[in-house]
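Remarks on the structure that follows.
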Amino acid sequence: MIEISKIDKLIQYIVLVAGQKDEAFDRELGPIHLIKYLYLSDLAYAASHEGRTYTGLPWRFHHHGPYCQEAFQRLEPALRSMLNATPGDPLDFKLAKTETAPVETAPATEYEPLTRRQEKKRSEQLSQLKSKLKERLSTRVQPKFKYTAPRYDEIFFQGLEQLDAAVGESIDPGDYRASFSEDIWKSKARSDPGSS
């Protein structure tokens with residue numbers, strides 16, 4: 001059974017942990033990244049809970065990895081409560097209420113254990129698949145383009161000088177502090193991307 005409150009809390013936790021990283025790049029999480037972290041959380045939980053997941057989401061392999069439509073549908077509602085908060089504010093979870101219909105899920109399928117014969121057949125099929133994959137990888141076609149290393153010649157350095165001159169005066173190395181008004185946290189641009 002899908003547990004929406006656990007999904008929402010986990011999404012919020014993932015975003016908060018990413019916000020504690022020092023590097024700005026580490027905090028750039030797109031929807032797919034969040035879904036992957038949800039999956040990894042379920043995977044880690046299942047490892048010590050007899051295969052049961054924390055969220056109850058019905059994960060499927062989709063294109064290049066795990067995906068769950070129900071997880072994707074929870075991203076915006078789970079993060080809505082964080083858009084109106086400033087650092088230190090309590091989060092208002094009433095904002096996470098969905099206006100859409102509840103998530104419908106397919107009933108859980110129970111699988112019977114495989115017989116020895118079925119296990120053997122599956123193992124053989126897996127071995128054949130591995131062999132085919134190895135064969136394909138060994139006969140890979142080489143790319144049709146040739147890499148040319150960049151030239152760091154006089155023309156290159158003249159171009160750099162012109163670009164530097166066009167920018168203006170450089171900022172001296174050192175420690176600097178940027179100040180922002182506290183009003184930035186209540187800015188409409190945080191909750192309405194079209195207003196900026």
### Task
From the list Asp42, Asp26, Asp22, pick out the single residue that is acidic (Asp, Glu) and modelled with pLDDT of 85 or more.
Asp42
### Message
Here are the criteria: (1) charged (D, E, K, R); (2) farther than 29 Å from Gly51 by Cβ; (3) at pLDDT below 90. Tell me which single one Asp153 does not satisfy.
### Response
(3)
### Query
Which ones in region 56-81 are of a type in the set (Asp, Glu) and in contact (Cβ under 8 Å) with a residue 40 or more places away in the chain?
Glu70
### Message
For region 39-77: of the residues being surrounded by fewer than 18 Cβ atoms within 10 Å (Cβ to Cβ) and in contact with a Cys (Cβ under 9 Å, 6 or more places away or on another chain), which is nearest to Ile4 (Cα to Cα)?
### Response
Pro58
### Query
In region 159-196, what residues are charged (D, E, K, R) and either in a helix (DSSP H, G or I) or modelled with pLDDT of 85 or more (or both)?
Glu161, Asp164, Asp172, Asp175, Arg177, Glu182, Asp183, Lys186, Lys188, Arg190
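The values are calculated or read from the model by the stated rules, or taken from the named source; none is laboratory data. The structure displayed is predicted, hence computed values, not measured ones. A quick note on method: Cβ atoms are made from the backbone with ideal geometry, for glycine too, and the neighbour counts reach across all protein chains shown.
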